[in-house]
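Structure, as structure tokens:
The values are calculated or read from the model by the stated rules, or taken from the named source; none is laboratory data. Note that the structure is predicted; figures quoted are calculated from it, not measured. Neighbour counts are summed over all protein chains in view; Cβ atoms, including those assigned to glycine, are modelled from backbone coordinates with ideal geometry. All accessible areas refer to the heavy atoms of the entire protein, side chains included, with ligands and DNA or RNA removed. Shrake-Rupley method; radii C 1.70, N 1.55, O 1.52, S 1.80 Å.
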Amino acid sequence: MKNHLKRIASPRTWTIDRKGGIFTTRPKPGTHKLEDGLALGTVLRDFLGLAKTTSEVKKLLNNNQILVDGKARKDHRFIVGLFDVLTIESAKRSYRLYFDRKGRIIIKEISVEEANLKPCQVIGKTVLAGGKVQYHLHDGKNVLTDVKAKVGDTLLLSLPKLEVKEVLPLQKGATVYLTKGKHSGDVGQFKEIIKKEAIYLVDKTEIETAKAYLFVIGKDKAMITIDN
């Protein structure tokens, strides 16, 4: 696996300067797809401006001051993606990654209180001995819990302990966020599913999209800040 990637060939979701050089850092295979995430070093250098070179990024990471979902990360190629929380402990500032209305990855600062929460979509589950259920989440995490949830629902987790604070079911009236498609970045109220298509409302206007693009982020209102 190559450590680099030509900037001109990087995914369209990456908002990097494609003419600012020849290469950029290629994230290691991990919990997010290449087009859905960025290398931690790229975020620190190109988005947050905390370093000017990869060498400076590595020194910064070695100080154990950079947390992803509450865990210190030292690999500049570690991939961070949808709804991951990046915390700079020395500055006491936190950021969340998500997609804007053009499907591009953006990074927005969030409050200290919100940095302790992360919505994770259930993409699968396994029933274990004793009746407990292990839920497989969109970011590669696995959570063992007694709560009941279906594939497509969202578990609101506390960071860094990954305790389930609340289950956000995919049901009528739920607040949903669109992760893909021409409506990427939209936030609306879920209405119904017809076969593989889903309908949600934005200002009382019905919009049709693929069911797979829906991500529940709240019941009556969003539990996290989405500012596009």
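Evaluated at 25 °C with a viscosity of 0.890 mPa s, what Stokes-Einstein diffusion coefficient in µm²/s does the stretch 154-228 have when Rh comes from the Kirkwood expression over alpha-carbon pairs?
Values: Rh = 12.7 Å.
This corresponds to a translational diffusion coefficient of 193 µm²/s.
Please identify the longest segment of the chain free of exposed GluC sites (Glu not before Pro), where exposed means a DSSP state other than H, G, I, E or B and no more than 16 other Cβ atoms within 10 Å.
Numbers: sites that count: GLU89, GLU113, GLU163.
It works out to 1-88.
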Of the listed pairs LYS92/LYS161; LYS74/LYS180; LYS74/LYS161; LYS141/LYS172; LYS74/LYS118, those with alpha carbons more than 24 Å apart are LYS74/LYS180; LYS141/LYS172
If ligands, DNA and RNA are left out, what is the accessible area of ASP100 with a 1.4 Å probe, given in Å² to the nearest 10? 10
Quick one: if you stick a label point 7 Å off each Cα along the C-beta vector at ALA210 and GLN65, how many nm between them? 4.2
Correct semi-axes for the stretch 70-179, from √(5λ) of the alpha-carbon gyration tensor and rounded to whole Å with the largest first, are 25, 18, 13
Report, by chain and number, residues whose modeled amide H sits under 5 Å from the one on LEU170, excluding near sequence neighbours (fewer than 5 apart, same chain). ASP153, THR154
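Restricting to DSSP H runs of at least four residues, report the calculated mean residue ellipticity at 222 nm for the chain, -39500 (n - 2.57) per run over all residues, nearest 500 deg cm²/dmol.
Numbers: 1 runs with 8 residues, N = 228.
Rounded to the nearest 500, it is -1000 deg cm²/dmol.
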Taking the simple approach of a point 7 Å from Cα along Cα-to-Cβ for both LYS102 and GLU56, what is their distance in nm? 2.6
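Can you compute the charge dipole magnitude of the stretch 1-120 about its Cα centre, using +1 on each Lys and Arg Cβ and -1 on each Asp and Glu Cβ, nothing else charged? Give it in debye, rounded to the nearest 20.
Values: 25 positive and 13 negative charges, 115 e Å.
For the stretch 1-120, the charge dipole is close to 560 debye.
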Let me have the relative contact order for the stretch 130-203, percent, based on Cα pairs under 8 Å that are six or more residues apart. 17
What does the charge add up to near GLY70, with Lys and Arg as +1, Asp and Glu as -1, over the other residues with Cβ less than 10 Å from its Cβ? +2
Full-stretch length increase - ASP220, LYS161 - with 0.36 nm per residue and alpha-carbon distance subtracted: 18.7 nm
Roughly how big is the stretch 60-199's charge dipole about its Cα centre, with Cβ charges of +1 (Lys, Arg) and -1 (Asp, Glu), in debye to the nearest 20? 380
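In terms of solvent-accessible area of protein heavy atoms at a 1.4 angstrom probe, what is the ranking of SER94, SER111, SER55, highest value first? Don't skip to the end; give the middle numbers.
Details: SER94 10, SER111 55, SER55 75 Å².
Largest accessible area first, the list is SER55, SER111, SER94.
Which value, in Å³ per residue, describes the convex hull spanned by the Cα atoms of the stretch 56-113? Spell out each step's value before the answer.
Details: hull volume 5.2 nm³, N = 58.
Each residue corresponds to 89 Å³ of Cα convex hull volume.
Once you have the Kirkwood Rh of the chain from its Cα pairs, apply Stokes-Einstein at 25 °C and 0.890 mPa s and quote D in µm²/s.
133
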Amide hydrogen neighbours beyond the local backbone of VAL216, cut-off 5 Å, H modeled: TYR177
Of ASP186, ASP220, ordered by accessible area with the largest first and a 1.4 Å probe, the sequence is ASP220, ASP186
For the chain, the longest site-free run once trypsin sites (Lys or Arg not before Pro) in DSSP loop states with at most 10 other Cβ atoms within 10 Å are removed: 93-147
Leading residue at positive end of dipole, the chain (Cβ point charges), from THR42, LEU157, GLY173: THR42
Charge tally in the Cβ shell below 10 Å around THR175, where Lys, Arg are +1 and Asp, Glu are -1, THR175 excluded: +1
Theoretical gain in end-to-end length, LEU144 to GLU113 [0.36 nm per residue, Cα-Cα removed]: 8.7 nm
At q = 0.13, 0.16, 0.22, 0.24 Å⁻¹, what base-10 log of I(q)/I(0) does the Debye formula yield for the stretch 1-57 when every alpha carbon is treated as an equal point scatterer in vacuo? -0.29, -0.45, -0.88, -1.05
